[in-house]
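Below: one structure, written as structure tokens.
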Amino acid sequence: MRRKLLLGNWKMNKLNSEAKEFAIAAKPLVAKARANKIDLGVAPTYLSLATARKYSSKAMIVAAQNVHFEDHGAFTGEVSIPMLKELKINWVILGHSERRAYDNETSEKCNKKMKALIANDMIPVYCVGETLAQYEAGETKDVVKEQILKGFEGITEEQAKKFVVAYEPVWSIGTGKNASTEIAQDVCKFIRKTLKSVVGKSANKIRILYGGSVKPENIKAYLSCPDVDGALVGGASLKIDSYEGLLNNIL
Ligand code: PEP
């Protein structure tokens with residue numbers, strides 16, 4: 001049985017002081033989630049990671065939104081795995097479509113990061129998804145298949161167990177345009193089948209999240225899909241009331 005996971009992606013939002021306020025306000029929600037066997041988390045900016053970790057419940061997942069695959073060196077503007085580990089940050093989102101679009105993040109680069117994270121016993125949340133043009137051209141499954149195969153290249157069955165994959169159709173991120181639950185289930189099922197071809201039985205342990213304009217009003221429908229194990233939520237995870245609404249509606 002895969003535990004449900006609700007992960008908020010704050011993107012480039014929230015001051016450090018706001019992250020602190022949220023972390024404190026979310027404490028009772030983490031307890032409620034735990035009691036219902038749901039994992040709860042947020043991914044603040046690098047600058048707020050230490051604050052979010054310090055003021056959150058221990059059980060709250062605090063994830064980074066990116067990381068470099070090298071431990072240190074001449075990589076201006078980057079942050080490394082040891083730097084995250086020192087702050088007790090063990091989860092990292094990789095390959096988000098905004099990073100793929102604006103920061104030259106590729107599946108090959110994500111693969112190097114995945115391997116570096118595994119070597120440090122950390123958990124990657126690997127994002128895949130097609131653009132609107134690819135969706136309209138009927139290329140969704142070709143695109144996600146390539147992203148999965150390249151991202152998981154060389155990852156063993158044993159290593160893959162703790163991984164999380166997020167299916168986020170790019171055309172539904174921050175647009176208010178939802179993929180239907182039929183599309184979400186169909187693509188997540190296809191992702192699991194593709195994962196099976198690379199990491200065997202561990203594909204049944206990997207949690208697959210759906211992301212793209214998920215809100216308190218629609219989260220339950222997505223999480224009722226057999227291959228959708230949770231949600232990666234941007235806009236609706238920023239305000240504590242809305243975050244609580246997301247949780248309440250999947251209890
Ligand atoms: C995201 O940032 O991963 C996301 C899904 O954003 P939103 O929920 O705002 O569409």
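Only the coordinates and a few stated rules stand behind these numbers; no lab work does. Here the structure is a predicted model, which means the values were calculated and not measured. We place every Cβ from the backbone using ideal geometry, glycine too, and count neighbours over all the protein chains shown.
Observations, loosely collected:
- With contacts taken as Cα pairs under 8 Å at a separation of at least 6 residues, region 1-120 carries a relative contact order of 22 percent.
- Two-decimal log10 I(q)/I(0) for region 103-214, as the Debye equation yields it once each C-alpha is a single scatterer, q = 0.17, 0.19, 0.24 Å⁻¹: -0.78, -0.96, -1.41
- Hydrodynamic radius (Kirkwood) for region 135-194, which is based on Cα pairs only, to one decimal in Å: 12.8
- For region 27-95, the share of alpha carbon pairs falling in successive 10 Å distance bins from zero is 20, 47, 24, 8, 1 percent.
- Region 90-164 - charge dipole about Cα centre, Lys and Arg +1 at Cβ, Asp and Glu -1, debye rounded to 20: 280
- Measuring max minus min along each principal axis, the C-alpha atoms of the chain give extents of 46, 44, 33 Å (largest first).
- Using Cβ point charges alone (K and R +1, D and E -1), the dipole size of the chain about the Cα centre works out to roughly 1000 debye.
- In this label model, A59 and L47 are separated by 3.2 nm, measuring between points 7 Å along each Cα→Cβ vector.
- For the set K11/K115; K145/K189; K11/K109; K58/K215, the pairs lying more than 22 angstrom apart at their alpha carbons are K11/K115; K58/K215.
- Inter-probe distance in nm under a simple model that places probes 7 Å from Cα toward Cβ, at D121 and K196: 3.2
- By the count of neighbouring beta-carbon atoms within 10 Å, fewest first, L232, L195, L238 end up ordered L238, L195, L232.
- Kirkwood radius and radius of gyration were both taken over the C-alpha atoms of region 6-66, and their ratio Rg/Rh is 0.95.
- A simple packing score, the average count of other Cβ atoms within 10 Å per residue, orders the peptides 42-50, 92-100, 138-146 as 92-100, 42-50, 138-146, with the highest score first.
- Annotation: the residues S213, S180, sorted from fewest to most other C-beta atoms within 10 Å of their own C-beta, follow the order S180, S213.
- Per-residue HN-Hα couplings for region 230-235 [Karplus 6.51, -1.76, 1.60; θ = phi - 60°; Hz; x = Gly/Pro]: x, 9, 9, 10, x, x
- Long-range HN-HN contacts of A64 with modeled amide H, under 5 Å: W91, V92, I93
- Helical content of the chain, expressed as a calculated mean residue ellipticity at 222 nm, amounts to -12000 deg cm²/dmol (DSSP H runs of 4 or more residues, -39,500 (n - 2.57) each, divided by residue number, nearest 500).
- 3J(HN,Hα) along region 94-110: 10, x, 4, 4, 5, 6, 5, 7, 9, 10, 6, 6, 10, 5, 5, 5, 4 Hz, from the Karplus curve 6.51 cos²θ - 1.76 cosθ + 1.60 with θ = phi - 60°, whole Hz, x for Gly and Pro.
- Isotropic mean projected area of the C-alpha convex hull, region 163-202 (nm²): 3.2
- Angstrom value of the Kirkwood radius, inverse mean 1/r, which spans all Cα pairs in region 45-182: 16.0
- Residues listed by number, region 16-39, amide nitrogen under 20 Å from N248 label point at 7 Å toward C-beta: 22-39
- Alpha-carbon centroids, region 50-79 and region 194-245: separation in whole Å: 22
- Amide H contacts of Y126 (H built 1.01 Å from N, in plane; Pro and chain starts excluded): L94, V164, V165, A166 sit under 5 Å, all sequence-distant by 5 or more or on other chains.
- Karplus (6.51, -1.76, 1.60) ³J(HN,Hα), θ = phi - 60°, over region 77-91, in Hz, Gly and Pro reported as x: x, 9, 10, 9, 4, x, 5, 5, 4, 4, 8, 6, 9, 10, 10
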